[in-house]
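Okay, structure first, notes after.
Values quoted throughout were computed directly from the atomic coordinates according to the rules given, and no laboratory measurement underlies them. This one's a predicted model, so the numbers in the text were calculated from it and none came from an experiment.
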Amino acid sequence: MPNTMSIVKRCYLLLVVVTLGGIAGCSDDAKLQPGQGGAKARPVIAAKVAVSAEQVNVEAVGTSRALQSVAIRSRAAGQVTEVNISPGQPVAKGEVLLRLDERDEALALRNAEVELADAERLLARYRQTKGSGAVTESALDDAESTVARAQIAVDRARVDLEYQKVVAPFAGYVGLSDIDPGAWVDTDTVITTIDDRSILLVTFELPELLLGQVQPGQEIALSTWRTDSVVAKGKVVTIDSRVDESERTFKVRAHVNNSADRLRPGMSFRIGLTLTGNEYFLVPEVSLQWGARGSFVWTIKDGVAQRELATIVQRRAGRVLVSGSLQEGSLVVLEGIQMVREGQPVTVAEVRELEVREQSPESQPAGQAPDAGRDAADDSTSDNEVSGE
């Protein structure tokens, strides 16, 4: 019986030694020593480390209006005699949209012109007799004042006559109208609307944490709620000077080219824009490995593989932005990682260049739920999205 217990103890101790030796060989700090069988040079494919800026995809809801929009009213009350508009009709600046009965105003203008002519003739006679003593200076002054007042009356009559027609204040498209010839309108009656929709002014709100990151000239992409595809692009033109105290957001306005006339004022859009942050190292996603001390990549220095810690900042399609002590242009193992250990001699069979592709505002699906930020304690594997909805 004692012999049996002795044998069991020896086996147990042997098992512990083997296990500890295996753990030590698999630890992050394990290195290949010269003369070990694993020190044979391994062929690998490497990629060059690139540098790229962090990009934050932002989504918001925007509401559009025409760059110029007005409700048309008459400057005078009267009966409509002529309507020259139809819904959706394009009009030019100064084009006559509607006319009122202008007979009284035309007669008033003729009467004012007659009075002006009489006053001018009287003044001319007074001036011809000036110096003869027949006309005093006071009478001459009164005649000149009469002419001036008569000219003002003519000008006023012309304005009143001009008010009997309604013209387009700018080029645009006419809206709906319920006015027909014979209708009575006054200064409160909305005749129609005119919108200059060649450019839309889109307003949206963003969280205050993005204040200072959005600048005039920033490109935005617009998609409708019916489809996720981009229907138009625009540029930021104005940023509000204050933050809403209750919502903690600020307003941004952008111009959107609508020369194709596919969009309408009043539409709401899903807004997408990409903000650029700090620069980090860009490595292939497959090069990233994990160990007891976090994520790392295998770098190649003087033909030897070395472990470099690489903290994830942002994931992209097949690539990862990382922070660490890497260098632009240095080599990281891309293929053959499973054969690499610390201090492993390697031969580079091929070096691949990383293409730095800047993400556009529409590169992020507009319907994807955005992330309001990245937790400092997280491994930073989010797509760095911020929502303004």
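The base-10 log of I(q)/I(0) for segment 51-189, evaluated at q = 0.10, 0.15, 0.21 Å⁻¹, reads -0.58, -0.84, -1.19 [Debye formula, identical scatterers on Cα atoms, solvent excluded]. Its alpha carbons considered, segment 239-358 gives a radius of gyration followed by a Dmax of 22.2, 66 Å. Whole angstrom only: what separates the Cα centroid of segment 66-125 from the Cα centroid of segment 327-358? First find each Cα centre; the distance between them is then 80 Å. The mean of 1/r over all pairs of different alpha-carbon atoms in segment 128-217, once inverted, gives a Kirkwood hydrodynamic radius of 20.3 Å. With a Cα-only, solvent-free Debye model of segment 157-266, what are the log10 I(q)/I(0) values at q = 0.14, 0.23 Å⁻¹? Summing over Cα pairs of segment 157-266 leads to -0.78, -1.26. Taken one residue at a time, the phi angles of segment 65-80 give Karplus couplings (6.51, -1.76, 1.60, θ = phi - 60°) of 9, 5, 4, 10, 8, 8, 8, 7, 10, 8, 7, 9, 8, x, 9, 6 Hz. Gly and Pro are set to x.
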